[in-house]
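The values are calculated or read from the model by the stated rules, or taken from the named source; none is laboratory data. Everything numeric here is computed off the predicted structure, so don't read it as measured data. Every residue, glycine among them, receives a Cβ derived from its backbone with ideal geometry; neighbour counts consider all protein chains shown. The accessibility values were calculated without ligands, DNA or RNA, using every heavy atom of the protein model including side chains. Shrake-Rupley method; radii C 1.70, N 1.55, O 1.52, S 1.80 Å.
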Amino acid sequence: MSRGPGLFSDIGKKARDLLTKDYISDQKLSISTYSDTGVALTSTAVKKGGLSTGDVGAQYKYKNTLIDVKVDTGSNISTTLTLNDLAPSTKTIASLKFPDYSSGKLEVQYYHHHAAFSTAVGLKQNPIVDLSVTLGTPTFAIGAEASYETAAGKLAKYTAGVSVTKPDSCAAIVLGDKGDTIKASYIHHLDELKKSAAVGEITRRFSTNENTFTVGGSYAVDNLTTVKLKLNNHGKLGALLQHELIPKSSLTISSEFDTKALEKTPKFGVALALKP
């Protein structure tokens with residue numbers, strides 16, 4: 001794929017990931033293995049509250065083709081087929097879930113030096129069509145996305161955004177929810193390896209005049225351990241510790257407190273990922 005502005009979903013993604021990624025409130029165990037034929041097998045068990053679920057996934061890559069199959073404890077089978085460069089500078093993704101055939105989707109992404117396009121269509125009668133376009137360069141991008149309901153003949157959503165990216169920072173503004181919300185974010189990396197960073201995000205919902213301001217950061221204690229914190233103006237404090245036990249295998253401990261209601265039981269999560 002060419003080095004261009006990236007997809008619309010990449011606008012604000014760095015700040016969003018720092019504030020949300022790996023923050024969990026359940027218990028999760030995943031074990032991955034690799035066969036001699038190149039098939040990657042991953043077994044995952046999740047306990048959330050009093051409910052336990054699990055799944056087994058298999059992934060196989062051959063040249064520009066990636067096949068992903070997952071079976072869960074609810075007897076659902078999810079399949080995803082990804083084809084890179086089926087046509088030059090494109091990625092084609094087909095997904096299907098059994099027995100819910102109506103959840104199938106076909107997505108085509110196209111990358112150019114100064115543009116990126118994506119379109120996704122549900123594989124059912126009267127599908128929802130998703131479209132997005134981004135124009136610019138790796139340092140400056142402006143784009144929009146929309147969803148069109150063919151059954152109702154109307155736009156279900158539309159969003160626009162702009163981002164400015166520098167080697168050690170990234171700023172983004174996204175206007176979403178049909179113009180009802182605006183979100184501005186900024187992330188600044190504190191070291192060359194980009195393991196430590198500070199982030200700020202403010203969201204305003206015009207229909208309710210509600211503002212949410214969140215600050216957070218990550219800090220690399222050493223090469224194996226990272227801590228993350230986040231706090232918003234509603235008093236929600238999140239903390240995370242991630243430690244690499246052995247190469248590619250990590251332990252994540254996460255919690256969230258309501259500083260304005262300390263009598264409430266805090267949320268707590270643990271995730272253990274083991275890879276060979």
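Please work out how much length the chain gains when fully extended from SER43 to VAL215, using 0.36 nm per residue of separation minus the C-alpha to C-alpha distance, in nm with one decimal. Don't skip to the answer; put the middle values down first.
On the way: separation 172, 0.36 × 172 = 61.92 nm, distance 3.46 nm.
Separation in residues times 0.36 nm, less the Cα-Cα distance, equals 58.5 nm.
May I ask you to compute the full-extension gain from PHE98 to SER147, defined as 0.36 nm times their residue separation minus their alpha-carbon distance, rounded to one decimal in nm?
Stretched fully, the PHE98-SER147 segment lengthens by 15.2 nm.
Can you work out ³J(HN,Hα) from phi for every residue in segment 149-164, in order, using Karplus 6.51 cos²θ - 1.76 cosθ + 1.60 and θ = phi - 60°, giving whole Hz and x for Gly and Pro?
8, 5, 5, 8, x, 8, 7, 7, 7, 8, 9, 9, x, 9, 9, 10
Tell me the per residue accessible area of the chain using a 1.4 Å probe; a whole number in Å² is fine.
Heavy-atom accessible area per residue stands at 60 Å².
Tell me, what % of the accessible area of the chain is carbon and sulfur with a 1.4 angstrom probe?
Ligands and nucleic acids excluded, carbon and sulfur give 61 percent.
So if I place +1 on the C-beta of Lys and Arg and -1 on the C-beta of Asp and Glu, and nothing else carries charge, what would the dipole magnitude of segment 56-128 be about its Cα centre? I want it in debye, nearest 20.
Values: 7 positive and 5 negative charges, 13 e Å.
Charge dipole, segment 56-128, about its Cα centre: 60 debye, nearest 20.
Given a cut-off of 30 Å, name the pairs among LYS70/LYS166; LYS63/LYS97; LYS47/LYS194 whose C-alpha atoms lie farther apart than that in the structure shown.
Table pairs above 30 Å Cα-Cα are LYS70/LYS166; LYS47/LYS194.
Provide the per-residue ³J(HN,Hα) series for segment 109-122, in order, calculated from phi with Karplus coefficients 6.51, -1.76, 1.60 and θ = phi - 60°, each as a whole number of Hz, with x at glycine and proline positions.
Per-residue couplings from phi come out as 10, 10, 10, 10, 4, 10, 6, 9, 10, 8, 9, 9, 10, x Hz.
Towards the positive end of the charge dipole of segment 6-272, with charges on Cβ (+1 Lys, Arg; -1 Asp, Glu), say which of GLY238, ASN223, ILE182 has the farthest Cα.
Of the listed residues, the answer is ILE182.
Run down the aspartates and glutamates and flag those whose C-alpha is under 18 Å from the C-alpha of LYS61, throwing out any fewer than 8 positions away in its chain.
ASP36, ASP85
Using the Karplus curve 6.51 cos²θ - 1.76 cosθ + 1.60 with θ = phi - 60°, work out ³J(HN,Hα) for each residue of segment 222-236 in order, rounded to whole Hz, and write x for Gly and Pro.
Each residue of segment 222-236 in turn: 7, 5, 10, 10, 10, 10, 9, 9, 8, 8, 10, 6, 8, x, 7 Hz.
Once Rh for segment 65-143 is found with the Kirkwood sum over Cα pairs, what is the Stokes-Einstein diffusion coefficient at 25 °C and 0.890 mPa s, in µm²/s?
174 µm²/s
Specify whether the C-alpha gyration tensor of segment 131-215 places it in the rounded, prolate or oblate class, a ≥ b ≥ c being the square roots of the eigenvalues: rounded for a/c under 1.5, otherwise prolate if a/b is larger than b/c and oblate if not.
It is oblate, given that a/c is not under 1.5 and a/b is not larger than b/c.
Mind checking the alpha-carbon convex hull of the chain and giving the volume per residue in Å³?
Hull volume normalised by residue count: 168 Å³.
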